[in-house]
There are 2 protein chains.
Amino acid sequence: MRLLIVGAGGVGAAAVRIAVRRAFFDHCVVADRDLARAEAAVSSADDPRFAAAALDASDAGAVEALCRELRITHVLNAVDPRFVMPVFNGAFAAGAHYLDMAMSLSQPHPERPYEKTGVKLGDEQFAAEDRWRAAGRLALCGIGVEPGLSDVFARYAADTLFAEVHDVGIRDGSDLVVEGYEFAPSFSIWTTIEECLNPPVVYEKNRGWYVTKPFSEPETFTFPAGIGPVECVNVEHEEVLLIPRWIDVRRVTFKYGLGNEFIEVLKTIHKLGMDSTKKVRVGGVDVSPRDVVAACLPDPATLGDRMHGRTCAGTYVTGLGRDGRPRATYLYHVVDNAWTMREYGSQAVVWQTAVNPVVALELLAAGTWSGAGVLGPEALPPRPFLDLLTEYGAPWGIQEL
Amino acid sequence: MRLLIVGAGGVGAAAVRIAVRRAFFDHCVVADRDLARAEAAVSSADDPRFAAAALDASDAGAVEALCRELRITHVLNAVDPRFVMPVFNGAFAAGAHYLDMAMSLSQPHPERPYEKTGVKLGDEQFAAEDRWRAAGRLALCGIGVEPGLSDVFARYAADTLFAEVHDVGIRDGSDLVVEGYEFAPSFSIWTTIEECLNPPVVYEKNRGWYVTKPFSEPETFTFPAGIGPVECVNVEHEEVLLIPRWIDVRRVTFKYGLGNEFIEVLKTIHKLGMDSTKKVRVGGVDVSPRDVVAACLPDPATLGDRMHGRTCAGTYVTGLGRDGRPRATYLYHVVDNAWTMREYGSQAVVWQTAVNPVVALELLAAGTWSGAGVLGPEALPPRPFLDLLTEYGAPWGIQEL
């Protein structure tokens, strides 16, 4: 396996630190628009299998050329979702397999943006399904923690724990705090704005996919491992688009445990128009307001040593158990920031995102996972993934509710 | 009187529309960094007494040169408070009298920013008091609506209604709403951030001036004319610095009826660091985050035709009445947006700010008001001001509480 990791930001750098401990690949090139950032990630690995390269992820031709030049077999896309399509297309053109942790972006319905879906998350990628299958190439989409591990949990529950699945609700929450800042999100504010302010998508078997107003269906979910109750609201997320394609289910939602403070901050960002990515003219220059919001906040990837607490990703499944009786189970994965910092020098949220595609790559290298076309994680057997994740030192849990 | 209005924004343009109906001045030059904006204000006046000029208000030398070239006798500063000192100094150097509606900016105390004052509002201007007095020139500072009319009310109450003044509390509130926008402040967000996020200053006779944390001493004040109850909090404002210099009083506060929604928005802007005026690097350019917030919101001066409701400025005075009995009186000025739009094509808040310096200029032209040095409005006889304001079509009121 000759791997190209596109993006040496928080998640890309953490993927390097995780992969360096494993033997499944022969060569790994880390590419970033900022070559120095790629070189820093490679130098932290201190392993001759790694090399750095400069790459503009918005240029599919450049992605293709780099893959061909380096004889890349697998591309792991670790840049923000604006660049999904050029990396996806560049990998295909070069004949490589492809993995990402977020899917192509949505566009709202032109007339009824809070009722009907327009272009859905991943639609652009699924439109290329036939090409990928015919070429015998795999695009394994949404294989971070959410989407990713959350989808694996859904498949595992459907295969093993339930006779009939009714609701699948992804629930994400944490008790992470960052010391020394009045406000410091632990994940990319750019992406958080994108997923929280877009109309959240919901799936229902009899209705198909539809969207609601942002922050709909608030719910207090009690997370395990002492994290406790957190206010969760619907947000737009890939699992809602992925799970019903492979699992027979009545309803799928994704609720993010933003907490009331963060919800109010996001509402205000929207109220002020600061969520916009359309450039505005300010004092003779043009800037994207959302980029300014991101620039004013500390880079979450650098906050690990000021952060403490745990983050929990998981899948809440209800339905009928194998015994035919009602069952409600939360399958989850908790990561403690103190552990990820000590073991990997990565903060918990980026580490938890990065470990999953590395596990998936190892399964692909071994042939335990294989496939062709545009697939979600729930299209592949879940148990080997969960077992290898545990071997990586990050076990998962089950709680009956 | 040969007048220079510096700034053809909302307030400057409204001052032109008000002044054009009066005969007290011979010539009025409207100057702006953006010549086209100055020309638009002048062309709306359609009166040969008016002319437009280009001027950089941050350049005291340029202000002086323009005043000398045009033989200006009075400068009305209508740009934002960042430019108070260059316009003030430029007017002095040219031998002109000077009026403004906001005073030189404060700087926080370096060690105890929420307890002690550092550089106070107006300190830089009062430091020049001797020079102005010796030169026989008048700097009439803070002669908008607040500061301005609010100070005149305080002086009127002290002279006429009260034997002993205890507390003077400026209270500002409105029921203005802007249709078609989720959020659209009716006054400059740049200035609102400045006055609301700086530590609010309070005066007490036994303690002098001190500051608190932002949004302190919340109070629901019921405004007259049907506006009703509005949540008010302490903000930094000139009246607190001006009134105790001329009126014997125990305590002075300024509370702004922001309402809960606006308070939360301002807290969030601060939390995100978007109140900062220090430039940040974004995508290869440097911008001030506060300027980006302002650029994302509609220009309040252009919102008059989508706005409805009334705005109220006033001064709440407690103490002992002329009969020696406890008295609590609110002196106020209510302006209805429908009236200002119909009569002047200006929205209510900028009109209410702009009318007061025009009234003051007319009193100065007539010799009814005169003086030398750096003075606040409460240094001059209040009754002629209140009577002329009524003649301008904007009467004031008194409510016993």
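Since every read-out is calculated from the coordinates, none of them should be taken as a lab result. The structure displayed is predicted, hence computed values, not measured ones. Cβ atoms come from the backbone with ideal geometry, glycine included; neighbour counts cover every protein chain shown.
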query: Label 7 Å along Cα→Cβ of B:Glu391; the range B:144-186 residues with amide nitrogen under 14 Å?
result: none
- request: Show that you can apply the helix-only estimate: for chain A, add -39,500 (n - 2.57) for every DSSP H stretch of four or more residues, divide by all residues, and state [θ] at 222 nm to the nearest 500.
  value: -10000 deg cm²/dmol
message: Restricting to DSSP loop positions (anything but H, G, I, E, B) with no more than 16 other Cβ atoms inside 10 Å of their own Cβ, which trypsin sites (Lys or Arg not before Pro) remain in the range B:312-354?
response: B:Arg322
- line: Dividing the mean separation of Cα pairs under 8 Å (6+ apart) by the residue count of the range A:279-391 yields a relative contact order in percent of 18 percent
For B:264-270, mean number of other protein chain Cβ atoms within 10 Å: 5
query: To one decimal place, what Kirkwood hydrodynamic radius in Å is obtained for chain B from all pairs of distinct Cα atoms?
result: 21.3 Å
- line: Expected integer from the mean partner chain Cβ neighbour count at 10 Å over A:296-302 is 2
task: For A:Thr220, place a label point 7 Å out from Cα along the Cα→Cβ vector, do the same in each other copy, and report the separations in nm, one decimal, smallest first.
output: 2.5
message: Under 10 Å, Cα contacts only: if you run a Gaussian network model on chain A, which one of A:Gly148, A:Gly12, A:Gly324 comes out with the highest mean-square fluctuation?
response: A:Gly324
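Given 0.36 nm per residue, what is the gain on full extension from A:Arg2 to A:Asp46 after removing their alpha carbon distance, in nm?
Once the chain is fully extended between A:Arg2 and A:Asp46, it gains 14.1 nm.
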field: Net charge of Cβ neighbours under 15 Å - reference A:Thr73; Lys, Arg +1; Asp, Glu -1
entry: +1
message: Using Cα springs under 10 Å in a Gaussian network model of chain B, which residue among B:Arg245, B:Arg171, B:Arg21 shows the largest mean-square fluctuation?
response: B:Arg21
Cα convex hull volume per residue for the range A:51-209 (Å³): 187 Å³
message: If each label sits 7 angstrom from Cα along the C-beta direction, how far apart, in nm, is B:Glu179 from its counterparts in the other copies?
response: 5.5
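Let me have the relative contact order for the range A:170-327, percent, based on Cα pairs under 8 Å that are six or more residues apart.
Details: 261 pairs, mean separation 50.7, N = 158.
The normalised contact order for the range A:170-327 reaches 32 percent.
Helices from chain B with mean Kyte-Doolittle at least 0.5 and a Cα length along the axis of 24 Å or more, per DSSP H: which?
B:348-366
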- prompt: Can you give the Rg to Rh ratio of the protein assembly as shown, both from alpha-carbon atoms, with Rh computed by the Kirkwood formula?
  reply: 1.08
query: For the range B:2-100, with only Lys/Arg (+1) and Asp/Glu (-1) charged at the beta-carbon, what is the dipole magnitude about the Cα centre, in debye rounded to 20?
result: 280 debye
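Provide a whole-number value for the mean count of partner chain Cβ atoms within 10 Å of the Cβ atoms in peptide B:180-189.
That works out to 2 on average.
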- request: Report the residues of the range B:373-396 in range of a label on B:Glu129: point 7 Å along Cα→C-beta, backbone N strictly under 13 Å from it.
  value: B:373-376, B:379
message: Defining the label point at 7 Å along Cα→Cβ, can you sort the distances from B:Asp59 to the same site in each other copy, shortest first, in nm?
response: 4.2
task: Output the relative contact order of chain B, whole-number percent, from Cα pairs under 8 angstrom with separation of 6+ residues.
output: 20 percent
- line: Rounded to 0.05, the calculated FRET efficiency for the beta carbons of B:Asp34 and B:Arg342 at R₀ = 25 Å is 0.35
query: Based only on the alpha carbon positions, what is the Kirkwood hydrodynamic radius of the range B:2-100, in angstrom?
result: 12.8 Å
Across A:Lys271/B:Lys116; A:Lys279/B:Lys255; A:Lys278/B:Lys271; A:Lys278/B:Lys213, pairs whose alpha-carbon gap is larger than 27 Å: A:Lys271/B:Lys116; A:Lys279/B:Lys255; A:Lys278/B:Lys213
- prompt: Cβ under 10 Å from A:Ala348's Cβ, A:Ala348 left aside: what net charge do those residues give with Lys, Arg +1 and Asp, Glu -1?
  reply: 0
statement: Projected onto their principal axes, the Cα atoms of the range B:291-401 stretch, largest extent first, over whole-Å spans of 52, 36, 30
query: How far apart, in nm, are the 7 Å Cα→Cβ label points at B:Val177 and A:Ala328?
result: 3.9 nm
